[in-house]
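Below: one structure, written as structure tokens.
Nothing in this text is a laboratory measurement; each read-out follows from the coordinates by a stated rule. Just so it is clear, the structure is predicted and the values come from calculations on it, not from any experiment. Note that each Cβ is placed from the backbone with ideal geometry, even for glycine, and that neighbours are counted across all protein chains shown.
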């Protein structure tokens, strides 16, 4: 009888354990297995800078005078050696003539003095030497003055030294008198030479190389990505920076919307 009771108790225990295992398995949430992917992590190097141009010219009159003609307006396409403005040539031509005759007089006087002392090469006195040197110096000065007058006459008209666009022109009219070169300043750039000039710290230069491609975003066109390629990395640090910073030139495709001084950031991927 005791043996039967023991068997019944054992069966009840087994049934209870089985029920517990069953209920726990139903309450356990299913866990999905997610495969682990192995990928290379990339870092981005971002440099700030602005739009600049390799071919640009700032043109001014070297002397004062009356403006007689203005032939260039801002935004105008310019051909190489095209005239942009001119001063009254009359005063400059007169100055050339006067300077030339003064040179002739100084030259004649110097030759006369040289003729007087030509037989005193070995026994020239201090008085003779002083007279000769004074005459020769006066001739040299007169010749330099004549050359300067001819230069001023030649520069009475401003010519563009390159093909491009006139991006800055003075607000002058014919008859205006300029007393300072900055009053008549013209700036011409070649739009084909536009590039992005970025600044790289010395710790960043080692991560850059010629030909490295990057993505440029200009502040003026925040929704547009521009492809750029490093064309040069400066050897000397920039003089207008507080730290040791080098200029990095990035070649970009020309675009009529780009303007000098536009700021932006360019990013480069590297492992």
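Figures for the structure shown
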| read-out | value |
| --- | --- |
| Conditions (1) more than 30 Å from residue 72 (Cα to Cα); (2) under 49 Å from the mean Cα position of the chain (by Cα): number failed by residue 149 | (1) |
| Complete set of residues in the stretch 161-207 that are more than 30 Å from residue 67 (Cα to Cα) and part of a loop (DSSP other than H, G, I, E, B) | 206, 207 |
| Residues within the stretch 47-64 that are assigned to a strand (DSSP E or B), touching a helix residue (DSSP H, G or I) at 6+ places or on another chain (Cβ under 7 Å) and under 17 Å from residue 182 (Cα atoms), tallied | 1 |
| Of the criteria (1) under 30 Å from residue 86 (Cα atoms); (2) surrounded by 13 or more Cβ atoms within 10 Å (Cβ to Cβ), which one residue 177 fails | (2) |
